[in-house]
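Notes follow the structure.
The values are calculated or read from the model by the stated rules, or taken from the named source; none is laboratory data. The shown structure was predicted, so the numbers you read here are calculated from the model rather than taken from an experiment. All Cβ positions, even for glycine, are placed from backbone atoms using ideal geometry, and neighbour counts span all protein chains on display.
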């Protein structure tokens with residue numbers, strides 16, 4: 001995002017010529033992190049300690065530090081989506097750690113007494129700073145500068161992201177500087193990372209997974225950055241899971257709840273089917289038992305009738321014999 005500075009008006013070199021003129025330093029009270037790469041600034045800090053100097057006050061706190069630079073948050077949907085995702089996903093990932101601050105598109109003021117000396121990274125993370133919300137971020141009032149910065153590159157920001165911001169972020173001691181190009185029009189490869197080593201930025205290896213996904217590992221976050229067709233996601237390699245935003249988590253929970261409801265309905269239907277089948281089985285068994293009893297009763301009646309018939313026939317035969325003898 002935006003970078004404004006009255007005194008920092010050209011890229012800070014990230015090579016041999018990294019010094020800032022003593023004259024320029026003496027004209028401003030730039031409060032820098034302990035890891036600043038400027039030898040002159042380290043000399044000035046030592047001199048200040050030796051002479052019990054204190055930072056120049058903001059003209060009795062009369063200076064106003066705006067919380068907006070008037071620029072839009074993102075150039076288009078291509079930039080806004082990864083920006084919103086990154087902030088939300090990282091806040092959720094670090095939500096139980098009170099000493100990690102995650103923000104984005106927030107003005108960072110790096111020079112006390114100069115409201116024009118500011119930069120607004122798209123996304124940044126500070127390890128060792130309270131996680132409460134802020135209106136702006138003043139380096140001289142905070143424990144440290146950011147450790148991680150991510151810029152979403154666009155047509156209007158590519159030269160600034162590749163030039164002046166790279167120098168400034170190195171100057172401020174930001175350990176990791178990442179850039180992603182969602183459209184793939186400005187950066188090759190479209191995911192790039194830099195790690196600060198002895199005052200210089202060196203490329204962080206980015207690999208292609210084979211399916212077009214670019215993957216880079218952030219040691220500051222303990223996460224992988226993944227760019228799949230312009231879609232940014234953070235991946236936790238330890239738990240092997242992709243970080244979700246609060247909205248995505250709520251959507252996943254809603255889908256899971258709907259799945260549970262569908263499964264419950266299916267279970268109830270199956271239970272009713274089982275109950276119906278059980279009732280049908282019991283009815284069939286009762287019918288079979290009734291039919292068996294009826295069959296047994298019929299067989300008993302037939303047996304009785306057969307015995308009665310046999311007795312009657314025997315009696316008739318006996319009577320017939322008696323009649324024949326009487327003749």
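The residue list 184, 199, 216 contains one member that is buried (at least 19 other Cβ atoms within 10 Å of the Cβ) and either out of contact with any helix residue (DSSP H, G or I) (no Cβ under 9 Å at 6 or more places or on another chain) or over 22 Å from residue 105 (Cα atoms) (or both), which is 216. Mind listing whichever residues of the stretch 224-247 are surrounded by 12 or more Cβ atoms within 10 Å (Cβ to Cβ) and free of Cβ contacts under 8 Å to residues at least 40 places away in the same chain? Once the filter is applied, which keeps residues that are surrounded by 12 or more Cβ atoms within 10 Å (Cβ to Cβ) and free of Cβ contacts under 8 Å to residues at least 40 places away in the same chain, the stretch 224-247 yields 224, 226, 228, 235, 242. Considering the stretch 115-209, the qualifying strands (runs of 3 or more DSSP E), each wholly inside and each with 2 or more residues that are over 13 Å from residue 220 (Cβ atoms) and either free of Cβ contacts under 8 Å to residues at least 60 places away in the same chain or touching a strand residue (DSSP E or B) at 6+ places or on another chain (Cβ under 9 Å) (or both), run over 148-152, 176-180, 191-197, 200-204, 206-208. Consider residue 83 carefully, then state whether it is part of a helix (DSSP H, G or I), modelled with pLDDT of 95 or more and under 21 Å from residue 221 (Cα atoms). It is false that residue 83 is part of a helix (DSSP H, G or I), modelled with pLDDT of 95 or more and under 21 Å from residue 221 (Cα atoms).
Checked against the criterion of being in contact with a strand residue (DSSP E or B) (Cβ under 6 Å, 6 or more places away or on another chain) and closer than 24 Å to residue 121 by Cα, the stretch 239-254 contains one or more residues that satisfy it.
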